[in-house]
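Structure, as structure tokens:
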Amino acid sequence: MSCRRRCGRLAGFVGAVPQRLTFVDNATAGANAVLRSLRWRAGERIVIADHAYPGVKNAVRFVAERFGLELVEARVPWPLPGPEALVEAFAATLAGGARLAIVDHVFAPLAVVSPIEEIVRLCRARGVPVLVDGAHAPGMLPLELDALAEQGMDWYVGNCHKWLCAPKGCGFLYATPAGQRDLHPTVVSNFYGEGYEQEFAWPGTHDPSARLAVTAALEFIEALDVDCYQSELVGQARAAADIVADAWRVAPGAPLGMYAAMVTLPLPVEEAGTEEAARRWRKRLLDEHRIEVPLFAVNGRLWLRFSAQVYNDLSDYEALARVFG
Ligand SMILES: Cc1ncc(COP(=O)(O)O)c(C=O)c1O
């Protein structure tokens, strides 16, 4: 199957015309391509949430330092009272104008799902181009990227190696026709100047096996039934949140309706949230309880983020609940 047809298969899955989609190695590579292609002018502003993914934020810092730009953080309260608080955080920051806004579709590590359409519409109303970082979204959430572009989104990056179950090293970049103009991969190679499809299809000699496996990954998810797969993840995550939050007598970081397949809960320990404490507790859960789960320090507190998947069942979360239950 040709690269174009494989991309076309994925494009159908994410609600995009094939001409707007290209494979990249991962979401970080896609975000870098956008950030490093734009022709920046000193003093321009880039808006990104304070809790945005650190790798993407570093790419913003890189261009900001290089071109004399201003990195402006939308301050997202945590714990988060509701989706409107996220919209307000962006609205307050966008009021000062920006050359680019980067919006996380599913925040990591917070795990909450953004009211993405509302934020994209807000950006369009302010005349600000938008890159959506959807690293976690494909497979976890239904996606209609062309429809989102209609509302004002210019670029979207996503991973196939998370909730789509493809092998590591496969993501995609979506770009509208205007967003494709002057857009180049970070690794410029043989087909420079020959257009979006050609340039991104050949990032130099590479191992395409993860991209080749995307079709099989899509067939796997479709065999489970995409709607059933997604609602099973959400249902399991919420049931698990109830079990663990009850046992630990804690509340999730945001209303349960803001989560999809991942949930964040505060660790019920009297200990300041530091990176060191997060690493130590993560190791302790693994060594002493055989539980592998990410832990993060957010706003001075330790937070645990668990995920649901079809190979888990509630007994997995009951085991987690018993650690402090
Ligand atoms: C919001 C977000 N952006 C970007 C990334 C980076 O993904 P990758 O390392 O596959 O580029 C992640 C990874 O979890 C993420 O959650």
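Tabulated data for the structure shown
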item: Members of segment 218-229 found to be aliphatic (A, V, I, L, M) and open to solvent by 10 Å² or more (accessible area, probe 1.4 Å), listed by number; result: ALA223, LEU224, VAL226
item: Residue in segment 214-233 that is in a loop (DSSP other than H, G, I, E, B), assigned by TED's automatic domain parsing to the domain that holds PRO142 and in contact with a strand residue (DSSP E or B) (Cβ under 9 Å, 6 or more places away or on another chain) present; result: no
item: Single residue of segment 14-32 satisfying the filter (under 23 Å from SER114 (Cα atoms) and within 13 Å of the ligand (Cβ to nearest atom)) that is nearest to the chain's Cα centre (by Cα); result: ALA27
item: Matching option when the condition is in a helix (DSSP H, G or I) and outside the structural domain of VAL293 (by TED's automatic domain parsing), among ALA178, ALA239, ALA247; result: ALA178
item: Helices (runs of 4 or more DSSP H) within segment 13-103 that include 2 or more residues within 28 Å of ALA201 (Cβ to Cβ); result: 27-37, 54-67
item: Qualifying positions in segment 88-143 - farther than 24 Å from LEU21 by Cα, open to solvent by less than 20 Å² (accessible area, probe 1.4 Å) and more than 13 Å from the ligand (Cβ to nearest atom); result: ALA89, PHE90, THR93, LEU94
item: Residue match in segment 149-165 (condition: assigned by TED's automatic domain parsing to the domain that holds LEU35, modelled with pLDDT under 95 and within 16 Å of the ligand (Cβ to nearest atom)); result: no
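Residue-wise test of (1) crowded, with 18+ Cβ neighbours inside 10 Å; (2) over 25 Å from LYS162 (Cα atoms).
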position: VAL14; (1), (2): yes, no
position: ALA42; (1), (2): no, yes
position: LEU69; (1), (2): yes, yes
position: PRO77; (1), (2): no, yes
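The values are calculated or read from the model by the stated rules, or taken from the named source; none is laboratory data. As the structure is a computational prediction, the values presented were derived from the model and not from experiment. Positions of Cβ are backbone-derived with ideal geometry, glycine not excepted, and every protein chain shown enters the neighbour counts. The accessibility values were calculated without ligands, DNA or RNA, using every heavy atom of the protein model including side chains. Shrake-Rupley method; radii C 1.70, N 1.55, O 1.52, S 1.80 Å.
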